[in-house]
Amino acid sequence: MVSEKPQVLIVDDRQENLFVLERLLQTLDVEVILAARGTEALALTLDHDFCVAIVDVQMPEMDGYELVELLRGNKRTARLPVIFVSAIYSDEYHHRRAYDAGAVDFLSKPFVPEILISKVEVFIDLYRQRQQLELLVRELNTVNASLSERAVQLETSATISHQITSILDKDRLLAEIADLIRTRFGYCFVGVWLYAVDEEVMILRASSANAECQEIAPGSVVSCTDEDLQPIARVCRNTAIYYNDGRSSSPENTPPGRAHLVLPLVMGSYMYGALEILHARDAIFDSGAITVLQSQADQIAIAIRNAELYAEVRALNEDLESKVRERTAELEKTYHQLELLDRNKSEFIQIVSHELRTPLTLIMGFGEMLREEPQVKQDPALKYQLEGVTNGALRMQEIVDSMLDVVKIDSRALGLQLHELQLADLFASLREELDVALQERDLALEFVDISTLPSVEADSLALRKLFANLLYNAVKYTPDGGRISVTGRFLDTLGDEASSYVEIVVSDTGIGIDPENHELIFTKFYGTADASFHSSGRTKFKGGGPGLGLAISRGIVEAHVGHIWVESPGHNEITLPGSQFHVVLPLRQTEQTPEEIARRIVQLRSALALGTPGRETASMC
């Protein structure tokens with residue numbers, strides 16, 4: 001018997017006791033059920049779910065101890081809380097016997113009513129909590145069963161999705177979809193309809209059926225414009241799910257007594273078609289199953305789109321491959337032409353440079369002769385003009401030499417005369433050469449740790465050109481009053497001299513270089529300024545030049561199997577972020593082929609890229 005209120009069982013052979021206890025418990029929101037004998041109480045427990053029992057100890061036929069022992073032996077009442085009450089047996093022996101029988105408490109008469117009510121309230125609360133927990137467990141079991149079923153559906157759906165997404169042939173894809181969904185989910189019929197936009201019809205492209213359903217042959221057509229109840233036409237017009245549980249009246253072409261589901265195949269705003277499903281049972285699809293199948297339908301729409309895109313891409317690839325072959329042939333032809341032009345340019349530079357040497361030699365020779373003439377010596381104006389001619393010729397000689405160096409570097413003919421070289425002596429000589437320009441521009445030049453560097457095996461003239469280019473470059477792009485520093489350090493890569501290097505860093509407080517130009521400045525004839533504003537001058541602030549100095553510097557460094565690069569946060573003529581040119585050179589040179597030199601340079605660049613600036617060692621490949 002089910003009661004909305006908690007039920008309390010009172011067992012006592014004396015009617016006055018039953019009356020008193022019943023009246024006492026009426027203050028609680030419970031239903032009190034009375035029993036005058038133990039057998040009557042046992043019968044009541046078969047039909048009622050009591051939250052607590054109040055039992056008298058001394059009763060005829062069956063005392064309270066026997067009753068509780070019988071209750072504990074029954075699975076249904078084994079956990080029923082029992083409170084013993086007695087006016088006679090109140091000694092320790094009977095208390096112990098009551099607890100051994102299975103009672104939870106023992107009250108001796110006369111007892112305090114509030115105490116009994118308080119104890120009963122505790123068991124009422126426990127009962128209500130147990131009821132709520134049992135209800136929650138039942139709900140959880142229902143949810144778990146539903147989730148387990150849904151997990152199986154999702155797993156099956158995922159397996160199908162994985163299989164169909166790997167199929168790129170459209171006809172095979174549609175046939176596999178119909179067969180996989182029918183066999184994996186146990187449906188009796190599955191059909192895939194595609195929408196023909198021009199005809200406004202749905203065409204059955206693939207279907208699969210078992211013995212319980214009659215298969216509709218592929219090629220069947222349903223018009224999307226007919227105002228009928230055809231489910232396929234409904235989905236075509238509304239792009240919404242159609243579901244008939246098979247219990248209500250079925251529209252045309254829907255078998256009676258079977259669940260009928262039609263899902264739109266939509267991707268974005270484009271309607272691809274519909275997925276039709278029939279099940280041999282009615283009302284088989286709940287909302288969760290429909291959600292899973294709609295997700296499957298969305299995957300099918302994507303798979304169909306992928307197959308169509310694959311066909312388009314394959315056609316485009318075939319066309320592209322043909323065009324690539326044509327373009328490749330054209331590029332190869334253009335490349336050969338560019339090679340020829342570059343070779344002709346180098347030859348032209350070499351010829352022009354040689355042709356300019358003769359008149360320059362004459363100019364400089366006659367200039368020296370005129371310098372000794374008494375008339376020139378005595379006339380400051382003539383002497384000044386002659387010095388201008390001589391200086392111009394010397395500058396022209398430097399440019400011609402630079403052009404020849406570029407030709408040698410391009411042709412890998414930069415012959416090095418190797419010998420032991422102290423970098424401190426080299427920089428001391430360069431300091432003397434720059435002294436006048438530094439004073440004119442109020443520039444400070446300092447050397448840090450250069451004197452502690454070991455000697456290197458190198459071409460002294462080539463290294464002089466290298467570091468002269470870097471220092472003149474720093475002078476040119478540092479405003480008056482700025483600072484230039486040259487710092488050196490020793491890089492011990494593998495612990496032996498043959499694999500060790502020195503690093504020289506030329507830093508300035510100049511206008512800096514944009515990161516996008518860090519590589520371009522090392523190419524031939526590249527200039528950071530607009531050529532229309534070109535201004536000659538090797539030490540003049542922002543003075544122009546032929547754009548060969550850094551290209552020659554890189555060629556010299558790489559000829560020594562070294563590496564050169566620049567670091568600068570950017571170009572700014574107000575904040576003056578400055579630049580740092582790094583040069584790494586080996587202590588010792590070995591005889592190597594051009595290919596070996598190129599390979600060692602790549603290894604060095606990789607090692608420096610992996611290293612941390614400021615450390616005294618670097619890793620080498």
Normalised Cα Rg of segment 58-196, dividing by 2.2 N^0.38 Å with N its residue count, works out at 2.22
Around T27 (Cβ within 12 Å, Cβ-to-Cβ, excluding T27; K/R +1, D/E -1) the net charge comes to -3
Can you list residues whose amide H is under 5 Å from L491's amide H, if they're 5+ apart or on another chain and H is modeled 1.01 Å from N?
-> Y501, V502, E503
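So if I take the alpha carbon set of segment 134-184, get Rg, then get Rh from the Kirkwood formula, what is the Rg over Rh ratio?
Rounded to two decimals, Rg over Rh is 1.29.
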Counting helices only, and only those DSSP H runs with n ≥ 4, report the 222 nm mean residue ellipticity of the chain as the sum of -39,500 (n - 2.57) divided by its residues, in deg cm²/dmol to the nearest 500.
-> -17000 deg cm²/dmol
A correct Karplus calculation of ³J(HN,Hα) over segment 21-37, with 6.51 cos²θ - 1.76 cosθ + 1.60, θ = phi - 60°, whole Hz and x for Gly and Pro, returns 5, 5, 5, 5, 7, 5, 6, 9, 7, 9, 9, 9, 10, 9, 9, 8, 9
Share of carbon and sulfur in the accessible heavy-atom surface of the chain [1.4 Å probe, %] | 53 percent
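Which entries in the list K383/K408; K476/K524; K383/K540; K75/K119; K465/K540 go over 27 Å, if you measure between the two C-alpha atoms of each?
Violating the 27 Å limit, Cα to Cα: K383/K408.
On a 1.4 Å probe surface of the protein chains, which of S207, S118 comes out largest in accessible area, and what is the full order?
Numbers: S207 20, S118 60 Å².
Result of the area sort, largest leading: S118, S207.
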Taking the reciprocal of mean 1/r across every pair of different Cα atoms in segment 1-126, the Kirkwood radius in Å is 14.4 Å
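Looking at the chain only, what percent of DSSP beta bridges run antiparallel? Nearest 5 please.
Percent antiparallel among DSSP bridges in the chain is about 70.
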So what does log10 I(q)/I(0) come out to for the chain at q = 0.05, 0.10, 0.11 Å⁻¹, using the Debye formula with one equal point on every Cα and no solvent?
-> -0.65, -0.94, -1.03
Which whole-angstrom value gives the distance between the alpha carbon centres of segment 462-483 and segment 117-140?
-> 91 Å
How big is the equivalent ellipsoid of segment 412-489 along its three axes, where each semi-axis is √(5λ) from the Cα gyration tensor, reported in whole Å from largest to smallest?
-> 24, 15, 10
Among A458, Y384, L418, which residue has its Cα positioned farthest towards the positive end of the charge dipole of segment 361-461, with +1 placed on the Cβ of Lys and Arg, -1 on the Cβ of Asp and Glu, and the dipole taken about the Cα centre?
-> Y384
Once amide hydrogens are built 1.01 Å from N within the peptide plane, the residues lying 5 or more places from V52 or on another chain with amide H under 5 Å from its amide H are L9
Pick out, from Y272, A315, I232, the residue whose Cα sits farthest towards the positive end of the charge dipole of the chain, with +1 on the Cβ of Lys and Arg and -1 on the Cβ of Asp and Glu.
-> A315
Neighbours of N244 by Cβ distance under 11 Å: Lys/Arg at +1, Asp/Glu at -1, summed charge +1
Could you go through segment 165-172 in sequence order and give the Karplus-derived ³J(HN,Hα) for each residue, using 6.51 cos²θ - 1.76 cosθ + 1.60 with θ = phi - 60°, rounded to whole Hz, and x for Gly and Pro?
-> 6, 8, 9, 10, 7, 4, 5, 5
Protection proxy (average C-beta count within 10 Å per residue), highest first, orders 105-115, 152-162 as 152-162, 105-115
Per residue, what accessible area does the chain have, given a 1.4 Å probe and all protein chains present, in Å²?
-> 55 Å²
With charges set only on the Cβ (+1 for Lys and Arg, -1 for Asp and Glu), what does the dipole of the chain come to about its Cα centre, in debye to the nearest 20?
-> 780 debye
May I ask you to list the aspartates and glutamates whose Cα is less than 17 Å away from that of K170, ignoring any residue fewer than eight positions away on the same chain?
-> D179, D298, E308, E312
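The values are calculated or read from the model by the stated rules, or taken from the named source; none is laboratory data. None of these values were measured; they are calculated from a predicted model. Glycine also receives a Cβ, built like all others from the backbone with ideal geometry; neighbour counts cover every protein chain displayed. For accessibility, only protein heavy atoms count, side chains too; no ligands or nucleic acids. Shrake-Rupley method; radii C 1.70, N 1.55, O 1.52, S 1.80 Å.
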